[in-house]
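Written below as structure tokens is the structure these notes are about.
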Amino acid sequence: MNLIKQDWFSDLKPNFKVLSFKERFLCAVGALLGLAISSWISWSVLGGLNVWYIAPMGASSVLLFAVPSSPLAQPWNVIVGNLLAGLIGVSCAMWIPDLTTAFSLAVGLAIFLMMSTDSLHPPSGAVAITAVLGGKAIHQLGYYFVLYPVLLNSVLLLAFAVCFNRLMGRHYPYPKQINSRSKDPTPTQKVGIQPQDIQRALNEQTELLDISQYDLEKIILEAQELANERRVIHFVCRDIMTKDVITLYQEDDIHQSLDKFKHVNLMSLPVIDAEQQLVGTLALYDVVEWFKRAADPRAPWEFMVKQIMNRKVVTVNPEQPIQDLVPYFVEKSFNYIPVLEKEKLVGIISRADMIAALQQQLINLNIEHSTQ
């Protein structure tokens with residue numbers, strides 16, 4: 001296929017797993033019931049108090065019911081994070097007359113203290129702002145605001161989240177995964193990635209990741225198991241070829257082809273016709289030579305890719321062993337070799353693909369020898 005244009009709107013979207021309709025529906029129902037029940041109980045306990053429920057609980061419900069496995073959604077974070085933010089917010093409201101300065105400083109201090117106590121909870125930032133901008137009713141409560149509605153709302157919503165998530169078969173609070181029989185790593189960890197390996201990698205990160213160390217380790221191990229199932233000793237071209245091929249059409253303007261070379265930073269591209277059949281290759285060297293000829297008024301007029309492309313192309317079929325390709329990459333310094341199936345271009349194999357495949361074959365052979 002041709003070069004895919006960058007969709008700037010897609011770049012703004014997160015790389016986030018979309019859950020099934022059932023899971024999305026349950027998350028929404030959990031938040032609805034959790035907020036309704038906890039707010040009703042708060043109203044019953046606090047009577048006619050104007051601030052019987054605060055808006056940040058809506059943000060907390062997103063974490064508690066949609067991503068309960070997040071480190072930011074654990075009980076310690078909900079309770080301690082909201083308490084710290086409430087205390088700081090009330091203090092700033094009482095001692096700093098300028099509202100903008102008060103709520104800005106409150107949120108900044110809340111973030112610092114939550115990160116220092118490992119209790120980061122994003123909705124707590126809204127708790128700090130509420131304490132400053134909540135109006136006369138909240139200001140009259142003073143530090144009681146931290147107890148009610150903040151602590152009361154947090155405990156009630158958290159209690160319902162624990163019951164609901166467990167009823168749905170989810171683990172919440174998320175349990176620590178340790179070897180209960182000894183201090184050594186678990187049996188799986190001994191022969192694979194160990195917690196200290198993950199910890200060392202995480203220590204290199206300068207940003208906070210919204211995933212627990214165990215979850216990260218679990219995902220990596222599961223991915224490794226899937227990769228092992230796919231492991232083969234003898235690769236064929238189909239196993240390693242790139243299917244999403246950047247191509248030129250033979251009717252393309254040469255100037256347009258140059259733009260594509262510049263964008264993808266490749267030295268050569270395959271050329272196809274309207275039926276997706278390979279008809280040649282065009283190297284950046286060919287374009288440079290065309291520019292040289294274009295300066296000569298006696299040179300024939302050429303403006304399409306098919307007029308300057310190389311029509312002699314070495315190809316392979318998908319089931320061909322990759323060992324057949326080695327001489328072309330080693331002796332003739334090919335950058336890539338097209339893969340054809342029923343005379344149509346279905347992929348290419350680059351020098352980098354070959355290096356990765358040969359390295360994996362060496363690893364697989366070493367594993368076999370070590371287990372014999």
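The values are calculated or read from the model by the stated rules, or taken from the named source; none is laboratory data. The shown structure was predicted, so the numbers you read here are calculated from the model rather than taken from an experiment. We place every Cβ from the backbone using ideal geometry, glycine too, and count neighbours over all the protein chains shown.
Some values worked out for this structure:
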| item | result |
| --- | --- |
| Enumeration of residues in the range 84-119 that are under 22 Å from Lys136 (Cβ atoms) and touching a residue at least 40 places away in the same chain (Cβ under 8 Å) | Ala85, Gly86, Leu87, Ile88, Gly89, Val90, Cys92, Ala93, Met94 |
| One residue from Val287, Val279 being part of a strand (DSSP E or B) and in contact with a helix residue (DSSP H, G or I) (Cβ under 8 Å, 6 or more places away or on another chain) | Val279 |
| Residues being surrounded by 15 or more Cβ atoms within 10 Å (Cβ to Cβ), among the small types (Gly, Ala, Ser) and out of contact with any helix residue (DSSP H, G or I) (no Cβ under 6 Å at 6 or more places or on another chain) - total across the range 147-173 | 1 |
| Hey, Ser116 within 28 Å of the chain's Cα centre (by Cα) and over 18 Å from Pro56 (Cα atoms) or not | yes |
| Test: residue in the range 271-283 that is out of contact with any strand residue (DSSP E or B) (no Cβ under 8 Å at 6 or more places or on another chain), assigned by TED's automatic domain parsing to the domain that holds Thr247 and surrounded by fewer than 16 Cβ atoms within 10 Å (Cβ to Cβ) | no |
| Subset of the range 1-28 that is farther than 30 Å from Phe164 by Cα and among the polar types (S, T, N, Q) - its residue that is modelled with the highest pLDDT | Ser10 |
| Pair list, Cβ < 8 Å and 6+ apart or interchain, from the range 244-266 residues that are among the hydroxyl-bearing types (Ser, Thr, Tyr) to residues that are loosely packed, with under 12 Cβ neighbours inside 10 Å | Thr247/Met1; Tyr249/Ala274 |
| Some residue of the range 315-335 being assigned to a helix (DSSP H, G or I), hydroxyl-bearing (Ser, Thr, Tyr) and surrounded by 15 or more Cβ atoms within 10 Å (Cβ to Cβ) | yes |
| In the range 64-91, residue nearest to Val107 (Cα to Cα) [restricted to those that are hydrophobic (A, V, I, L, M, F, W, C), surrounded by fewer than 23 Cβ atoms within 10 Å (Cβ to Cβ) and under 28 Å from the mean Cα position of the chain (by Cα)] | Leu72 |
| Cβ pairs under 7 Å, 6+ apart, first in the range 19-44 and under 19 Å from Ala59 (Cα atoms) and assigned by TED's automatic domain parsing to the domain that holds Leu64, second of a type outside the set (A, V, I, L, M, F, W, C) and part of a helix (DSSP H, G or I) | Ala31/Ser61; Gly34/Ser61; Leu35/Gly58; Leu35/Ser61; Ser38/Asn153; Ser42/Pro149; Ser42/Asn153 |
